[in-house]
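Notes follow once the structure below has been shown.
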Amino acid sequence: MDSLFIPEDSPASEGSPRSNEPLAARMRPNSLEEIAGQQHILAEGKLLRRAIEADRFTSLIFYGPPGTGKTTLANVIARTTGSRFESLNGVESNVAEIRGKIEAARTFAKLRDQTTVLFIDEIHRFNKAQQDTLLPHLEHGTVRFIGATTHNPYFYVNSPLVSRSQVFQLEPLAKEDLLPLLERAIHDKERGFGEIKIVAEKEALEHIAEKADGDARKALTALELAILTSPPIDGAVTLDLSIAEESIQQKAVLYDSDGDQHYDTISAFIKSIRGSDPDAALYWLAKMLHAGEDPRFIARRLVISASEDIGLADSSALQVAMAAQQAFEFIGMPEGRIPLAHATVHLATSPKSNSAYAALGAAEADIAQGATLPVPLHLRTRFRKELAEGSGADKAAMNYLYSHDYDGNFTPQAYLSEGRTYYTPSENGMEKRIKERIEHWKKQFKETASPK
């Protein structure tokens, strides 16, 4: 058995943590060195690390999934810089509380020459008026503001507040970041379970670290549950894989219905289809369905992808996507996921072309830049032609050639007052035949049309 053994003189029954706080709260880091992960912003030489150590920061916003250390980092910053730490919650707090904290900060600055870190958790929950209340005090440096949010602040926090803040994204913790944290919690006599004799199997700790899904709070809570509910045998608590599996059970899917995970996952889904990887596309589809994403939203994106990414290379893709959308509406869930999977695999394995989409974009760009072309005389309505005749226009220029009167139902004729090319067919799938047809028509422009 590959295990980690922590010797201790006193038996488990005589030792217990020194606080009734949850283990996750007791194990909050006290210094930058204790913070798990986030080396992309906290490693030596990184901007945030330099700003904290030099005590040269004003306003910060941290965003990332739960359990990645946003609140912890704010506490450590206050401790490192010798500042007072005041906190509010975006769900519970109001303007009066904000002003009260700011007045207290002003008083401490005058009487004790001490700065205050005002930490606001879930800052995206504040309405515009609440967020705007902070702005003048940030301008004057009354408080050092630190906001935390699980939502992308560029979408969910007012622009004036974001523009006055440095924004840092915290990433989910890797398994390699969580394992040392779990071991430290077992060893630590002051804040963890160091006063208890514990035999922890390596496989058990790895299971907790993996199933925590990057969330330090979840990992520590599972460890606490496993240890406190396991009776000691011969004076030691044994933490094996079966106990670890019970303590954390099923890995929760990290997903929010209106935040970064929602947008990132659908982006990965569409890009996997575009990249012709059916396995990846099915995985992201399964994740969205498992997390409770609206299947109608998924169906709409499939219809868009069918035209945007497959297009004329396989026009049946649009038919399949529309059929999947209709099938879902007809049968609902859970069976409705089957036609969605059908359409996903069809689109992912279809030849790809965005030529029609790109051609429309090119035409729209010309119009946006002022290239408004007049309708050629021979394409106008009868009434407009009669007006043109009265003005002395060239009658030959008004002679519309009816395509069905000519061989192959085609005759060379201008349909734009300027010769412009927007659509360039690819050679993928069925579009190769379209390209050949267009090239044939272009050759006919060099020949004299002959009526039937």
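No value in this document is a laboratory result; all are computed from the given coordinates. Because the structure is a prediction, the values reported are computed rather than measured. As a convention, Cβ positions derive from the backbone with ideal geometry for all residues, glycine included, and neighbour counts pool all protein chains shown.
Below is a table of values for the structure above.
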| item | result |
| --- | --- |
| For the chain, with +1 on Lys and Arg beta carbons and -1 on Asp and Glu, the positive-most of 319, 225, 81 along the dipole | 319 |
| Cut-off under 5 Å, modelled amide H: who pairs with residue 151 long-range | 64 |
| Relative contact order %, the chain, counting alpha carbon pairs below 8 Å whose residues are six or more apart | 14 |
| Rounded to 5, percent antiparallel among DSSP beta bridges of the chain | 20 |
| Listed peptides 223-235, 38-50 by packing density, highest first (mean Cβ within 10 Å) | 223-235, 38-50 |
| Using alpha-carbon coordinates, inclination of helix 175-187 to the longest axis of the chain, degrees | 10 |
| Summed residue charge, Cβ within 12 Å of residue 93's Cβ, Lys/Arg positive, Asp/Glu negative | -2 |
| Rounded tilt (10° steps) of 95-112 against the dominant C-alpha axis of the chain | 50 |
| Magnitude of the charge dipole, the chain, Cβ model with Lys/Arg +1 and Asp/Glu -1, debye to 20 | 2080 |
| Formal net charge of residues neighbouring residue 371 (Cβ-Cβ distance under 13 Å; K, R +1; D, E -1) | -2 |
| Gyration tensor (alpha-carbon) shape descriptor, region 260-349, a/c threshold 1.5 | oblate |
| Estimated 222 nm signal from helices in the chain, with DSSP H stretches of n ≥ 4 weighted -39500 (n - 2.57), rounded to 500 | -14500 deg cm²/dmol |
| Burial order of peptide ranges 120-132, 403-415, 150-162 (average beta-carbon count within 10 Å, highest first) | 120-132, 150-162, 403-415 |
| Using θ = phi - 60° and Karplus 6.51 cos²θ - 1.76 cosθ + 1.60, couplings along region 287-296 (whole Hz; Gly, Pro as x) | 5, 5, 5, 5, 7, x, 4, 5, x, 5 |
| Summed residue charge, Cβ within 13 Å of residue 130's Cβ, Lys/Arg positive, Asp/Glu negative | 0 |
| Given 46/175; 101/287; 197/218; 128/211; 101/189, the pairs whose alpha carbons are separated by over 32 Å | 101/287; 128/211; 101/189 |
| Cα shape, region 64-173, gyration tensor, a/c 1.5 rule | oblate |
| Protection-proxy order for peptides 328-334, 298-304, each taking the mean of Cβ atoms within 10 Å per residue, highest first | 298-304, 328-334 |
